[in-house]
1. Looking only at the range 227-241, decide whether some residue is under 19 Å from Thr65 (Cα atoms), within 16 Å of the ligand (Cβ to nearest atom) and at pLDDT 95 or above.
2. Looking for something open to solvent by 30 Å² or more (accessible area, probe 1.4 Å), free of Cβ contacts under 8 Å to residues at least 40 places away in the same chain and under 16 Å from Arg365 (Cα atoms) - is there at least one such residue anywhere in the range 302-311?
3. Quick one: how many residues across the range 349-376 are closer than 22 Å to Ala267 by Cβ, surrounded by fewer than 18 Cβ atoms within 10 Å (Cβ to Cβ) and in contact (Cβ under 8 Å) with a residue 24 or more places away in the chain?
4. Whether any residue in the range 74-93 is small (Gly, Ala, Ser), over 20 Å from Gly247 (Cα atoms) and away from the ligand (no atom under 16 Å from the Cβ) is what I want to check.
5. Any residue in the range 132-143 that's without any contact (Cβ under 8 Å) to a residue 24 or more places away in the chain: show its pairings with residues that are surrounded by 16 or more Cβ atoms within 10 Å (Cβ to Cβ) at Cβ separation under 8 Å, as long as the two are six or more apart or on different chains.
6. Could you grab the pairs with beta carbons closer than 7 Å, sequence gap of 6+ or different chains, first residue in the range 198-209 and in the same structural domain as Leu174 (by TED's automatic domain parsing), second one within 8 Å of the ligand (Cβ to nearest atom) and acidic (Asp, Glu)?
7. Any residue that is touching a residue at least 24 places away in the same chain (Cβ under 8 Å), open to solvent by 10 Å² or more (accessible area, probe 1.4 Å) and within 24 Å of Arg18 (Cα to Cα) - is there at least one of those in the range 169-179?
8. In the range 178-193, which residue that is over 11 Å from the mean Cα position of the chain (by Cα) and outside any helix (DSSP H, G or I) is nearest to Arg282 (Cα to Cα)?
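The values are calculated or read from the model by the stated rules, or taken from the named source; none is laboratory data. All values derive from a computational prediction rather than experimental measurement. No Cβ is skipped: glycine too gets one built from the backbone with ideal geometry, and neighbour counts run over all protein chains shown. Heavy atoms of the whole protein, side chains included, go into the accessibility calculation; ligands, DNA and RNA do not. Shrake-Rupley method; radii C 1.70, N 1.55, O 1.52, S 1.80 Å.
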Amino acid sequence: MSEGPNASDFHDLDPAIRVLMGPGPSDVPPRVLRAMAAPTLGHLDPDFLELMTETQVLLRAVFQTQNPLTIPVSGTGSAGMEACFVNLVEPGDQVAIVVNGVFGTRMVDCAGRLGAEIIPIEVEWGRAADPQAVADALKGKQPKIVAVVHAETSTGVCQPLTEIIAIAKEHGALMMVDCVTSLGGVEVALDSWEIDAAFSGTQKCLSCPPGLAPLSFDEKAVAKMMARKTKVKSWYLDLTMVGDYWGAQRKYHHTAPINMIYALREALRLVVEEGLDARFARHRLNHEALVAGIEGMGLRMLVPAAERLASLNSVCIPAGADDLGTRRALLRQFGLEIGAGLGPLAGKIWRVGLQGHSATERNVRLFLTALESVLKSQDVEAQPGGPEAADRVYARSR
Ligand SMILES: *Cc1c(COP(=O)(O)O)cnc(C)c1O
């Protein structure tokens, strides 16, 4: 007998029940977890094909689009990003990208690997891009694509899109938007806003486990993809082939992550049940209460009020507070996860997510109370008015 691990060396899987208030994943509703545990069908079983169709109908409703090519790409949000670029970029294409955080930076990396000529539009982290800066950067250029992050999860900025979309159209460029942390939490209306290509992820405001990347291409994006002179540089993410599985043909390309699609379908059903407007209002209300609580404690938000994202709140770490120690204490004492700052914001901010199922009054109150308690234990000066300030926001809404 060869020596190897004994099954008894491994305990039963029993993860703690956390309160996920970081940059993602967010709390997953039990209904979504139950859907995931349903029996696995074959990826060409007629019953599964019907569930695929339903998932696409729901996905179009949530993206507010009629685009036929609206599908969940296999992989996390970054796979959606890569799918957009790999299908739409040909070597030498000019691609303008707004860079004001981790995910704009990731888009530059992604497009650059495909031989795009990048026109970077650098903006201070923690601020939205001024449309004039985009217009100036594009003067005399012929971008094929203008790409922005709608909800920059690394900073908590929500990028206003209307003017940037108009600028992209003036240049005849496709407008590509990263909606990973907005879809299902902050309005995204692909058709009325005339966004040509968009991608998202399941584990942020849709409150599904990570593993799929909702994506949608309009007819202009599909036309650019179909007119390519070169083959799509990724076999797995080639939407001219993946699209045949999700399209009328239902032709095998790769095995769909069946149970993840069950989960996404259930998560989308929950979004539609709640209603988009009610869901956006819930995110906004809890965000306003959280901000009131933070400011009531005498702490500061990183992002100016007009540019704040409801689903990700960047709180400036107060003087004397221990960044890692605070996050550890929140996790150990309260089971509450928040995120750290990234890149130039490391050690400067905490990132508090209010995404999907996690965006609740209970969670906002837990966070404010927990933070107050942890800061007190570190002898950090915080005013005691946080929870009361949040109370006032909730009272006004009732
Ligand atoms: C999380 C996130 C991504 C990447 O998604 P993964 O699921 O981590 O691959 C991309 N863009 C934004 C804005 C995100 O928040």
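1. no
2. No; the residues of the range 302-311 include none that is open to solvent by 30 Å² or more (accessible area, probe 1.4 Å), free of Cβ contacts under 8 Å to residues at least 40 places away in the same chain and under 16 Å from Arg365 (Cα atoms).
3. The number of residues fulfilling the criteria is 2.
4. Yes, the range 74-93 has at least one match.
5. Close Cβ pairs satisfying both conditions: Ala133/Ile121; Ala133/Val123.
6. Phe199/Asp178
7. No - not one qualifying residue is present in the range 169-179.
8. The extreme case among them is Glu187.
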